[in-house]
Amino acid sequence: MNIYDLHDQAWKQLGERRRQLPHALLLTGPRGIGKFDLARSFAESLLCENPGESHVACGTCLACGWLAQGNHPDFRLIQPEAMSDDESEASESSSKKKPSQQITIDQVRALDDFLHVGTHRHGVRVVLVNPAEAMNRATANSLLKSLEEPVTGTLFILVSDEPQRLLPTIRSRCQQIPIPVPDRSRSEAWLTQGGVDDASRWLALAGQAPLLAAELADGDERALIDAMLPELAKGGKLDPIAAAAAIDRLLKAEKRGAPSKRVVEWMQKWIVDLVLLREEMSPRYYLAQSAVLRELARSTELRRLLAFGRKAIQYRQHSEQPLNGRLFLEDLFLNYVALFQSPRDGHG
């Protein structure tokens with residue numbers, strides 16, 4: 001199953017735009033459901049010289065070959081440097097400066113020459129911006145000039161997990177296409193066909209986002225999840241200092257971005273499931289840990305869980321640049337243990 005089968009209705013909506021292309025589209029929806037892949041497939045179908053059934057790119061023509069090699073003259077992908085493996089490696093080899101997490105104004109300004117030369121074989125020209133919310137205000141205003149004065153035969157495709165962060169003027173210049181979360185059975189079939197074992201587990205952990213589920217099942221994040229679950233399952237018996245030390249060692253060894261933020265995100269999902277089970281509902285994320293979660297939910301109070309949930313939002317805000325990652329984790333786990341301690345134990 002390919003991305004356009006996973007999102008057949010959205011693909012149909014995109015196909016309807018082919019008859020009279022707008023100058024800009026905005027694809028929105030939750031992270032990890034395949035918006036970028038869908039946008040990329042649509043761009044490929046527009047540039048393909050022999051699109052097949054359902055306007056799918058043939059994959060064999062000269063234009064498809066150029067796209068596969070990353071050098072089609074009528075296609076530009078605008079994304080943060082940190083999302084590009086080649087650019088990231090080049091940046092790290094040339095300086096100690098970390099690759100940018102934002103789309104820079106220089107990337108947008110570099111489109112000027114591209115937009116004002118003739119297209120190859122008089123076809124369409126496509127600019128794909130992902131994720132659009134990675135633009136700061138100056139960059140967004142620079143892009144806005146191109147959207148306000150569209151060039152004939154040019155299509156901008158913006159992809160966004162958080163469209164509310166975009167300038168209203170950017171949103172107003174685009175035809176929006178909301179991409180819904182695929183239904184569970186279709187996503188599970190897609191994952192299983194892609195070779196993902198225990199698809200239902202990873203889909204639940206990913207909040208029903210199939211591409212994120214595939215990434216979790218096959219990526220480094222799996223190690224963090226597997227390390228956290230036994231610790232969280234201990235509830236009030238957890239040793240926060242030892243747990244923080246173990247998780248800190250793992251995070252430092254893998255050398256991936258936003259380590260503290262990722263810990264907080266998995267903790268937040270654990271708390272959501274505790275709240276649901278405390279209210280006698282089914283867990284949403286950690287299906288395989290339902291029994292453990294149910295026991296833990298009985299040993300705390302709803303008000304404490306909700307208070308911790310609010311505090312976790314603050315943790316997440318401070319997790320981007322913690323002064324000391326180890327101390328940050330210790331504080332997080334200390335507050336988690338307090339959920340299961342009675343007031344007479346000296347905890348809140």
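The values are calculated or read from the model by the stated rules, or taken from the named source; none is laboratory data. Note that this is a predicted model, so its numbers are computed, not measured. Note: ideal-geometry Cβ built from the backbone for every residue, glycine included; neighbour counts use all protein chains shown.
The table below lists the values:
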quantity: Residues satisfying the stated conditions in the range 317-348, i.e. polar (S, T, N, Q) and either modelled with pLDDT of 70 or more or under 15 Å from Met228 (Cβ atoms) (or both); calculated: Gln317, Ser319, Asn324, Asn335, Gln341, Ser342
quantity: Failed criterion for Gln208 (all others in (1) in a helix (DSSP H, G or I); (2) within 20 Å of Leu274 (Cβ to Cβ) hold); calculated: (1)
quantity: Residue match in the range 160-170 (condition: exposed (fewer than 15 other Cβ atoms within 10 Å of the Cβ), in the same structural domain as Ile105 (by TED's automatic domain parsing), assigned to a loop (DSSP other than H, G, I, E, B) and not aromatic (Phe, Trp, Tyr)); calculated: yes
quantity: First in the range 107-118 and touching a residue at least 24 places away in the same chain (Cβ under 8 Å), second anywhere and small (Gly, Ala, Ser), Cβ under 7 Å, 6 or more apart; calculated: Val108/Ser142; Arg109/Ser142; Leu111/Ser146; Leu115/Ser146
quantity: Scan of the range 40-89 for residues that are under 19 Å from Phe156 (Cα atoms), in a loop (DSSP other than H, G, I, E, B) and among the charged types (D, E, K, R), ordered by number; calculated: Asp74
quantity: Subset tally (residues that are outside any helix (DSSP H, G or I) and surrounded by fewer than 15 Cβ atoms within 10 Å (Cβ to Cβ)) for the range 241-291; calculated: 8
quantity: Selection within the range 147-181 - of a type outside the set (Lys, Arg) and under 16 Å from the mean Cα position of the chain (by Cα); calculated: Leu158, Val159, Ser160, Asp161, Glu162, Pro163, Gln164, Pro178, Ile179, Pro180, Val181
quantity: Members of the range 213-222 found to be over 13 Å from Leu6 (Cβ atoms) and assigned to a helix (DSSP H, G or I), listed by number; calculated: Glu215, Leu216, Ala217, Asp218, Glu221, Arg222
quantity: Residue list for the range 300-337, restricted to those being part of a loop (DSSP other than H, G, I, E, B) and either in contact with a His (Cβ under 9 Å, 6 or more places away or on another chain) or surrounded by fewer than 14 Cβ atoms within 10 Å (Cβ to Cβ) (or both); calculated: Glu301, Glu320, Gln321, Leu323, Asn324
quantity: Near pairs, Cβ below 6 angstrom, 6+ apart or cross-chain, from the range 303-328 (over 17 Å from Gly257 (Cβ atoms)) to any residue that is of a type in the set (S, T, N, Q) and surrounded by 16 or more Cβ atoms within 10 Å (Cβ to Cβ); calculated: Ala312/Gln268
quantity: Members of the range 283-316 found to be small (Gly, Ala, Ser) and under 25 Å from the mean Cα position of the chain (by Cα), listed by number; calculated: Ala288, Gly309, Ala312
quantity: Where a residue in the range 129-158 is in contact (Cβ under 8 Å) with a residue 24 or more places away in the chain and its partner, wherever it lies, is among the basic types (Lys, Arg) and assigned to a loop (DSSP other than H, G, I, E, B), with Cβ under 8 Å and at least six apart; calculated: Leu144/Arg173; Leu147/Arg173; Glu148/Arg173
quantity: The range 195-228, residues that are small (Gly, Ala, Ser) and without any contact (Cβ under 8 Å) to a residue 24 or more places away in the chain; calculated: Gly195, Ala199, Ala214, Gly219, Ala227
quantity: Residue ID - surrounded by the fewest Cβ atoms within 10 Å (Cβ to Cβ), chosen from residues in the range 171-202 that are of a type in the set (A, V, I, L, M, F, W, C) and assigned to a loop (DSSP other than H, G, I, E, B); calculated: Val181
